[in-house]
Structures are given as C-alpha cells and as structure tokens.
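Bear in mind that the values in this text are calculations on the coordinates, not laboratory data. All of these numbers come straight from a predicted model, not from anything done at the bench. Positions of Cβ are generated from backbone atoms using ideal geometry, with glycine treated the same way; all protein chains shown enter the neighbour counts.
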Amino acid sequence: MRGLRELLVVLVLLAAPVAVPAPASAQAAVTATVRTTGGPLTMRTGPATITAAAGTLANGQRLTVQCQVYGERVRGPVRLTGYWDRLANGRFISDAYVSWSPARPAVRWCGAGGAPVVPYVASPGGPVNLRAGPGVAHRRTGRLATGTALTVLCMKWGDRVTGRASASHAWDLLSSGHHIADALVAWRPSRPTLPYCGQFPPTVPAATQAGFVARVAGSARLSYRAYRVPASVTIAQAILESGWGRSGLTRRDHNYFGIKCFGTPGPIAVGCRAYGTSECGGGRCWRTVAQFRAYRNAAGSMADHGRFLAVNPRYRPAFRYTRDPDRFAIAIHRAGYATSPTYATNLVRLMRRYDLYRYDR
C-alpha cells in the first residue's frame with residue numbers, strides 16, 4: 001500500500017502545474033504583444049516546436065490572435081503554458097511569449113481548419129441546468145436558455161446525458177466555474193479538440209531513444225511499487241505500444257499502452273476519447289473508431305497499465321515472476337496480452353538491448 005500511496009501523491013502533484021487561463025473582465029479592447037528576451041520569435045505551422053518554422057515576429061510586435069489550441073508545454077518570459085495562439089496569418093506561437101493588456105481574455109478555441117468556434121446551448125427541451133460538478137447529483141448553480149453563447153475552458157468525465165444529437169459522459173467547465181453537459185452544447189462552425197481539465201499538454205517525441213526511456217522510467221518504477229509489474233517490462237511495452245512515444249494517442253492523451261475505455265475510463269484515467277484505428281481479419285483490413293482512455297500524464301498511464309494487469313485474472317500467473325522480467329513478459333503474452341507471435345521475444349530483446357533491467361533494481 002505504501003507504493004500505491006506514493007504513486008497517487010505523484011499523480012496529484014504532476015496534475016497541478018497546468019493552469020486554465022482565466023477570462024478577463026469585460027474590456028473595450030485587449031492587446032496582445034510579443035515578449036521575448038530581445039530576439040525575434042519563431043512562428044510555427046502547428047502548436048509544437050517540432051513543427052516547421054514559418055517566419056519570425058519582432059519583440060514588441062502587436063498581434064492579432066484568432067483562436068487557441070492546446071499544444072506543447074513551453075516556458076517563456078511571460079508564462080509556462082500549453083496554450084498556443086493561432087494568428088491571423090494562420091501561424092502559431094506559444095502563449096508563453098505573449099503579453100496581454102490589460103489581462104488575458106478567454107480566447108476562443110480553434111476548430112477544424114483553424115477557424116475560431118463559438119459554443120452555445122443546444123437543448124432540445126428549453127433551458128438547461130448548470131451544475132457545481134460533472135453530474136446531475138451535483139448542486140444546481142443556474143440555468144441557461146437555448147442559444148446562449150458559452151466560454152468553455154476544458155471538459156470532465158461525468159454522468160451520461162442524452163442531448164439533441166447524441167449522448168455523452170463529457171461535461172464542459174465554463175469560465176464562470178459552472179458545469180454543463182457536453183451533449184447539450186453545440187459548436188459553430190465545428191467542434192474543437194478540448195483537453196480534459198488538469199490534463200498535461202500534448203507531448204512531443206523524445207529526441208533520442210534514451211530520452212524516451214528517461215521520460216517514462218520514473219513512472220514505471222512507481223507503478224512497480226504499487227502493482228508489482230517489473231519496470232523493465234512496463235518500459236518495453238511502452239516502447240512497442242506507443243512507437244517510442246510518437247503515436248497520436250500517446251502524444252495527445254498520454255496513453256502509452258492503447259488501453260481502451262470499454263464504457264468507463266476507470267479510477268485513474270481522466271476520461272475517454274475516440275480515435276480512428278485499423279483492424280484486420282480474414283485477409284482484409286478496415287477502419288473503425290474506438291474509445292481510448294485519456295490520462296493526465298505519463299504517470300497516470302503507467303499506473304493504469306500496472307493496475308490493468310494486476311486486477312485481470314488472466315494475468316495472475318505472471319505475478320509469480322515479478323523479479324524475473326523475461327518470464328513475466330512471456331507469461332502475459334501467453335495469457336493473451338498481444339496477438340503477435342513474437343511479442344514476448346520483442347519485449348525481451350528491448351529489455352536486453354537498452355538494459356531496462358537496471359530500473360528493476
């Protein structure tokens with residue numbers, strides 16, 4: 001239990017640094033200005049430093065910001081943030097380099113194609129209730145009429161609500177602090193990709209394989225303390241399942257093992273998100289959509305992976321080998337963890353090549 005308590009403490013601490021920008025009070029005009037340490041600021045084609053450079057802006061230059069997206073976390077002279085601003089020219093800059101006067105407003109989210117979007121109440125039955133939390137059991141804090149424009153900060157997983165077009169467990173946190181069922185919200189002209197509240201920004205792939213191992217090793221060791229899955233096995237599986245951290249599922253939602261939701265995110269994940277996947281059988285392949293678990297950070301994914309193996313009866317025989325990573329890998333493979341006939345062999349090869357066993361000591 002000591003290991004589990006330590007792991008939960010780390011998850012709470014790691015979830016803290018990501019702050020949601022508070023909306024400014026009503027202003028006649030808000031100005032955005034580039035703030036660097038003196039040199040020019042590089043614009044990007046996307047919300048990450050690994051995307052292509054697309055020109056520069058001078059320190060002190062005024063900006064026209066159209067909308068925002070949640071991207072790579074950047075520390076700049078103004079703030080530490082995962083928010084990136086899409087400019088009128090279609091380029092992106094990190095909000096870490098933007099000074100807002102008199103205060104940062106609640107910038108609209110970017111939808112498909114980069115256009116700013118406006119969320120509004122779209123209830124099929126008149127006014128909707130606002131809640132103090134993401135569920136109908138939470139205290140009612142107000143009501144909004146159909147058509148009311150909203151300022152949505154992020155979303156949370158909660159009670160399933162059926163709306164005009166669909167049903168969803170997602171609840172939107174408004175700038176006012178109230179919660180509204182996402183099924184009762186429509187977006188014009190298109191829906192953006194919202195982060196879960198408290199979720200770390202999307203990551204960029206580590207520059208080296210050693211960098212990836214270093215990124216996940218600490219969380220893998222904490223997971224071993226809580227669930228007894230050898231850290232070397234966890235790291236090797238993360239390498240295979242996430243493609244060294246390059247998969248979209250890993251980068252956006254910190255899911256390193258492709259664990260699906262099956263109707264619920266469980267006690268560790270913050271929610272679920274739909275991803276397109278490829279499935280094959282009978283000599284043919286097809287595209288489908290599945291719900292995968294979304295995590296606050298890598299530590300959450302590692303913990304859920306350990307718990308997934310520990311509570312599933314089919315993997316129980318593997319836990320006779322918690323101090324023998326090679327045999328543990330073989331046991332979970334035999335229990336049906338993966339369909340590839342070389343899965344266990346690939347895990348052992350990775351553990352030996354990168355000496356992942358050192359994280360078991």
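Among Pro201, Pro317, Asn129, which residue has its Cα furthest toward the positive end of the charge dipole of the chain, with +1 on Lys/Arg Cβ and -1 on Asp/Glu Cβ?
Value: Pro317.
Can you tell me the dipole magnitude for the range 95-196 around its Cα centre, using point charges on the Cβ only (Lys, Arg +1; Asp, Glu -1), in Debye to the nearest 20? Display every interim value, and only then the final one.
Values: 11 positive and 4 negative charges, 44 e Å.
Roughly 220 debye, rounded to the nearest 20.
Enumerate the helices in the chain for which the Kyte-Doolittle hydropathy averages -0.5 or more and the C-alpha atoms extend at least 24 Å along the helix's axis, using complete DSSP H runs. The partial results should precede the final answer.
Details: long enough: 209-227 (26 Å, 0.11).
Span-like helices here: 209-227.
Less than 13 Å Cβ to Cβ from Leu87, Lys/Arg counted +1 and Asp/Glu -1: what total charge do the surrounding residues give? It would help to have the intermediate numbers written out before the result.
Details: positive: Arg44, Arg62, Arg86, Arg91; negative: Asp85, Asp95.
Net charge in that neighbourhood comes out at +2.
Counting Lys +1, Arg +1, Asp -1, Glu -1, what net charge surrounds Thr33 among other residues with beta carbon under 14 Å of its beta carbon?
On the way: positive: Arg35, Arg62, Arg79, Arg104; negative: Asp85, Asp95.
Residues close to Thr33 contribute a combined charge of +2.
Projected area of the range 208-278, taken from the Cα convex hull and averaged over every viewing direction, in nm²? Spell out each step's value before the answer.
Working: hull surface 21.1 nm².
Seen from a random direction, the Cα hull of the range 208-278 projects 5.3 nm² on average.
Tell me the net charge near Val204. Cut-off is 9 Å between Cβ atoms, Val204 excluded, with +1 for each Lys or Arg and -1 for each Asp or Glu. Let's see the in-between values first.
Values: positive: Arg251; negative: Glu72.
Its environment carries a net charge of 0.
Could you check what % of the DSSP bridge pairs in the chain are antiparallel, to the nearest 5? Present the calculation step by step, with values, prior to reporting the outcome.
On the way: 53 of 55 bridges.
Taking every DSSP beta bridge with both residues in the chain, the antiparallel ones total about 95 percent.
Would you compute, from DSSP H runs of 4+ residues alone, the mean residue ellipticity of the chain at 222 nm, taking -39500 (n - 2.57) per run and dividing by the full residue count, rounded to the nearest 500?
Numbers: 7 runs with 86 residues, N = 361.
Helices in the chain give a 222 nm mean residue ellipticity of -7500 deg cm²/dmol.
With the contact rule set at Cα under 8 Å and sequence spacing of 6 or more, what percent relative contact order holds for the range 62-178?
Working: 218 pairs, mean separation 20.7, N = 117.
Answer for the range 62-178 is 18 percent.
Suppose we keep just the DSSP beta bridges with both residues in the range 140-228; what percent of those would be antiparallel, to 5? Show your work: numbers first, answer last.
Details: 10 of 11 bridges.
For the range 140-228, the DSSP antiparallel bridge percentage is about 90.
Provide, in order from the shortest bin, the percent of all Cα-Cα pairs of the range 87-234 in each 5 Å bin, continuing until the bin that contains the maximum pair distance.
Over the range 87-234, the share of Cα pairs per 5 Å bin runs 2, 8, 13, 16, 14, 11, 11, 12, 8, 4, 1, 0 percent.
Which residues' amide hydrogens lie under 5 Å from the amide hydrogen of Trp109, considering only partners 5 or more residues apart or on another chain, with H built in the peptide plane?
Gln68, Val117
Among Val348, Ala54, Thr81, whose Cα projects farthest towards the positive end of the dipole of the chain, with charges put on the beta-carbon of Lys, Arg (+1) and Asp, Glu (-1)?
Val348
Sort out for me the Cα centre separation of the range 81-136 from the range 322-343, rounded to whole Å.
The distance from the Cα centre of the range 81-136 to that of the range 322-343 comes to 44 Å.
Long-range amide H contacts for Cys261: which residues qualify at under 5 Å (H placed 1.01 Å from N, peptide plane, sequence gap of 5 or more or a different chain)?
Answer set, sorted by chain and number: Gln291, Phe292, Arg293.
Can you give me the long-range amide H partners of Gly271? Hydrogens built in the peptide plane at 1.01 Å from N, cutoff under 5 Å, separation of 5 or more residues or another chain.
Ala294
So for the range 156-261, what are the equivalent ellipsoid semi-axes in whole Å, largest first, each being the square root of 5 times an eigenvalue of the Cα gyration tensor? Numbers along the way, then the final one.
On the way: eigenvalues 228, 50, 32 Å².
Equivalent ellipsoid semi-axes, largest first: 34, 16, 13 Å.
At 0.692 mPa s and 37 °C, plugging the Kirkwood radius over alpha-carbon pairs of the chain into Stokes-Einstein gives what diffusion coefficient in µm²/s? It would help to have the intermediate numbers written out before the result.
On the way: Rh = 22.3 Å.
For these conditions, the coefficient is 147 µm²/s.
By its C-alpha gyration tensor, with a ≥ b ≥ c as the square roots of the eigenvalues, how is the range 261-354 shaped: rounded for a/c under 1.5, else prolate for a/b larger than b/c, else oblate? Show your work: numbers first, answer last.
Working: a/c = 1.87, a/b = 1.21, b/c = 1.54.
Oblate.
Among 261-269, 40-48, how do they line up by average Cβ neighbours within 10 Å per residue, starting with the highest?
Listed from highest to lowest mean packing, they are 40-48, 261-269.
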